[in-house]
1. Can you give the mean number of other chain Cβ atoms that lie within 10 Å of the Cβ atoms in peptide A:91-98?
2. Residues with beta-carbon under 13 Å from that of residue B:132, excluding residue B:132: net charge, scoring Lys, Arg +1 and Asp, Glu -1?
3. Using 7 Å Cα-to-Cβ label points, what is the residue A:123/residue B:134 separation (nm, one decimal)?
4. What does the average come to when, for each residue of peptide B:105-112, you count the partner chain Cβ atoms lying within 10 Å of its Cβ?
5. How many nm is it between the label spots at residue A:134 and residue B:176, if each spot is 7 Å from the Cα in line with the beta carbon?
6. Output the peptides A:79-92, B:73-86 sorted from most to least packed, where packing is the average of other Cβ atoms within 10 Å over each peptide's residues.
7. When the Karplus curve 6.51 cos²θ - 1.76 cosθ + 1.60 is applied with θ = phi - 60°, which whole-Hz ³J(HN,Hα) does each residue of segment A:68-82 get, with x for Gly and Pro?
8. In nm, to one decimal, how far is the modelled label at residue B:149 from the one at residue B:99, with both set 7 Å along Cα→Cβ?
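The values are calculated or read from the model by the stated rules, or taken from the named source; none is laboratory data. Keep in mind it's a predicted model, so treat the numbers as computed, not measured. Note that each Cβ is placed from the backbone with ideal geometry, even for glycine, and that neighbours are counted across all protein chains shown. Side chains included, ligands, DNA and RNA excluded: accessible areas come from the protein's heavy atoms. Shrake-Rupley method; radii C 1.70, N 1.55, O 1.52, S 1.80 Å.
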Amino acid sequence: MTEADQSREAPAARWFDDEAGPVVRPYAMTRGRTSAATRHRLDLIALVVPEPAADDPGRDQTLSPEHVEIVERCSEQPQSIAELAAGLDLPVGVVRVLVGDLVDDELVHVTRPVPPAELPDVSILREVINGLRAL
Amino acid sequence: MAFGRSSSSRRQPPVEPVTLKILVAGGFGVGKTTLVGSVSEIRPLRTEEILSEAGRPVDDLHGVEAKSTTTVAMDFGRITLREDLVLYLFGTPGQDRFWFLWDELAQGALGAVVLADTRRLEDSFAAIDYFERRGIPFTVAVNCFEGARRYPPEAVRGALDLDPEVELVLCDARDRESVKNVLVAVVEHALVLAGPDRAPVPG
Ligand SMILES: Nc1nc2c(ncn2[C@@H]2O[C@H](COP(=O)(O)OP(=O)(O)O)[C@@H](O)[C@H]2O)c(=O)[nH]1
Ligand SMILES: [Mg+2]
């Protein structure tokens, strides 16, 4: 793209097309808190697993319906951050904050996927190949 | 606040599967969502990241004017290979302004599929460059649309300037068996790249 092209294009306009959705402001749900305020960014495929304490009714009166729904969804089967975002129809950043709250409350823990810059080990790769072939 | 699970005291601790991911890159309309849907046990899901005007995910929206933010969608599917092994597929547009998403997705990814359409091969250049530069194992899958001229694989390889070790396969993104083969090719390539001592024994 030439400089002339760039200056012709209004910067705000270029995000609105087929691949980019509408403007949203869902961080009200996290009372303005963002994932930067909590520890590290939770990986999209990190699984949220309920702790036994999540069964204890009335533990935390400050939880929102979204917090409760996350715990309930994960009680059936641990769910990834990405699945929760899709299921709750919330941006990933919002889900990260809500899950961070639940981790702080020790109602859930989060699995650690393969660390960045490391490949899964060879035996797992072989199991993936076998698993795919058997589908 | 109750979670309403009265019978849950007898509940087994849930299995905690290992989760892995494969990325699906390619231009708009090349068949990413279709490919994910062909093998996923769930309908492809969409999730969104909020973008600032600068094209990075927004970590602090306080005081940010709504007009300077928007969202980008990625879609994904899930394949439970075993109770303790789950593979996620992520598809998101392979365009320069979305690379920040790839930077996050690529972390810990097992490998990638670059979907290509012979009518618009240039749409896959950026994704190929991206994975080459980061050393992420990838396979190029040419999605064979009806009506698109068939080119010999060698001609497509040449046009894409692929390194010899990168596999190029023809596929039909709508066909489950075909997509399974593409994914197996990606993982086999990852296995070879996992280290010289781990390469298949030469026969
Ligand atoms: N004929 C044919 N059509 C396809 C194939 N794969 C995808 N399509 C169609 O192409 C269009 C775009 O596919 P989609 O998966 O949405 O592309 P995406 O933008 O990369 O996610 C849809 O209408 C699909 O039904 C294919 O292998 N053959
Ligand atoms: Mg799509």
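1. Partner Cβ neighbours, averaged per residue: 3.
2. -2
3. Reported label-point gap for residue A:123 and residue B:134 is 2.8 nm.
4. Values: counts 4, 2, 10, 12, 6, 6, 3, 0.
Mean inter-chain Cβ contacts per residue within 10 Å come to 5.
5. The two pseudo-label positions are separated by 1.6 nm.
6. For the peptides A:79-92, B:73-86, the packing ranking is A:79-92, B:73-86.
7. Karplus values, whole Hz, x for Gly and Pro: 4, 5, 4, 4, 5, 4, 7, 6, 5, 6, x, 10, 6, 4, 5.
8. Going from the residue B:149 label point to the residue B:99 one covers 3.1 nm.
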